[in-house]
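The values are calculated or read from the model by the stated rules, or taken from the named source; none is laboratory data. Keep in mind it's a predicted model, so treat the numbers as computed, not measured. Cβ sites come from the backbone with ideal geometry, for glycine too, and all protein chains shown count toward neighbours.
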Amino acid sequence: MILHPRSIRNLILLGFSLVALPLVCALVYTAFYVEKLVVQSQETVLQAMRVTQSSNHLVDLITDMERNARQFQVLNDKSLLKLYAENHRDGQDILKNLQKLDDDESYKRLLNEFSERETAIFKTLSAPNNSAKTLQQAISGFKNLERVAENIHTASQNIIKVKLEQVENTAASAENVLVWQAVALVPVALLITAIFTVLITRPIKQIDQAIRTLGEGQFTASVQISGPEDLVQLGQRLNWLRLRLLELEQEKNKFLRHVSHELKTPLTAIREGSELLLDEIVGKLHPEQREIVQILKKNSLHLQKLIENLLNFSAAHFQNINLTIEEQHLKSLILQVINDHSLQIKSKSLQVDTDLEELNFEGDAEKLKSIIDNLLSNAFKYAPPGTTVYLKLYEQGDFAIFEVADQGVGISTTDRPKIFEAFYQGQLHAQGAIKGSGLGLSIVKEYVQAHHGKVELLETRCGAHFRVTLPKNYVDSAC
């Protein structure tokens, strides 16, 4: 089970903390390593200075001691022996300091050899009643002592050189460690950043998608948000809103069905009454009366069509559209619909320019006629008198394409995104035409989508230009 923070703010803070943690650890480790390296370098440099000074001082002491010894041999002055004794003590102190420099056995042997030789000379000089020959032999030992001192100086320099190389190696090693550390930490930081970016943006994208789905009028899919608790709660509120909208949508469709059904009964009586009057069953009509009755009949037919549109729209939203799939001849369907509008075409002196290919199509005849009828009705209604309406039917790959274009007022930029919404009526209306229900294009979209096709409004300089694209071979998505 993944534990999510209580809020998006906590998730962001946690993400920043985890991204910064390896970088902070790297900085602490680097600071510790650099400090250690600096201390080691300082100690090595100070040690090198002391060893150099000590080894040089040791060589100088040999010269002083030899001079004191020779003067003592000639003058036999005890004060000269005291000076030698002071130099002897200084030499022993230098040897003790040099012994701390390194644990190398050969280096310690050199120091011990120097100490033994110099001590033997000091004891010989300090002994009472030494003969001239004994003193001369002791003083001659300074040559070997100088050689040992030079070896000690050389060995000390070599030891310092080795220690400096160790410091350089340590520095190079530290550099490599820091480089690899950076190489390792950068991907880790990027990985953590990517993970938290997904964790932060995923619920936001889910909310965005849920809002878009609700905005498109799709209320069946439940809203599921995963992430911090505050966003999960927001998702629950969106789901409550979805259920409320679904309830309202169902109530609206129920209302439309009931009202439409109730309107059909009095409308039938009006139509039958107008037809009886036109048939002059109840008596002769003079021209003015016949004109009025014809107007009643015409508007009752128009009202019947509006009610049928309401019923069709209500049925399309109440349940899935049931299609009776049969092979259709699209050109014949289009010509039938054109013939149904022949009176309107004549009354407005319209020209119908057709370019229709012979092609067969799998679909529902009534739904296809409704698609064609609604598009042509709009074209004939908005086309100015004496203009041309263009119809085109052609085949493109596995699709049948039907286009309708008129030379009317067109559709404004503001209306374009909303023209396929139910009950939406644009700002521009056909002059003198009876106002429609705003359901025609919505029904077109429903029926086209039921055939797995698409309808679109194309860009044009004047008028409106619609294109319907339908697959020629219908495939049931439930199969």
Exposed (fewer than 11 other Cβ atoms within 10 Å of the Cβ) and outside the structural domain of Pro22 (by TED's automatic domain parsing): which single residue out of Gly283, Gly227, Gly235 fits that description? Gly283
Considering only the range 362-371, I want to know if a residue exists there that is of a type in the set (Asp, Glu), at pLDDT 85 or above and either part of a loop (DSSP other than H, G, I, E, B) or in contact with a Pro (Cβ under 6 Å, 6 or more places away or on another chain) (or both). yes
If you scan the range 172-191, which residues turn out to be surrounded by 14 or more Cβ atoms within 10 Å (Cβ to Cβ) and under 19 Å from Val45 (Cβ atoms)? Ala174
Could you say whether any residue in the range 173-190 is assigned by TED's automatic domain parsing to the domain that holds Gln99, more than 19 Å from Pro22 (Cβ to Cβ) and either in a helix (DSSP H, G or I) or among the basic types (Lys, Arg) (or both)? yes
Does Gln71 meet the test of being under 60 Å from the mean Cα position of the chain (by Cα) and in a helix (DSSP H, G or I)? no
Asn309 - would you say it is at pLDDT below 70 and not in a helix (DSSP H, G or I)? no
So Lys163 ticks every box in (1) assigned to a loop (DSSP other than H, G, I, E, B); (2) touching an Asp or Glu at 6+ places or on another chain (Cβ under 9 Å) but one. Which box is left unticked? (1)
Exactly one of (1) at pLDDT below 80; (2) farther than 30 Å from Ala48 by Cβ; (3) in a helix (DSSP H, G or I) is unmet by Asn130. Its number? (3)
In the list Ser79, Ser17, Ser41, which residue meets the criterion of being in the same structural domain as Leu178 (by TED's automatic domain parsing) and under 18 Å from Ile160 (Cβ atoms)? Ser41
Out of the range 214-237, which residues are among the aliphatic types (A, V, I, L, M) and either more than 23 Å from Ile200 (Cβ to Cβ) or free of Cβ contacts under 8 Å to residues at least 24 places away in the same chain (or both)? Ala221, Val223, Ile225
Restricting to the range 105-130, and then to whatever is under 15 Å from Asp77 (Cα atoms) and among the polar types (S, T, N, Q), can you tell me which residue is surrounded by the most Cβ atoms within 10 Å (Cβ to Cβ)? Asn130
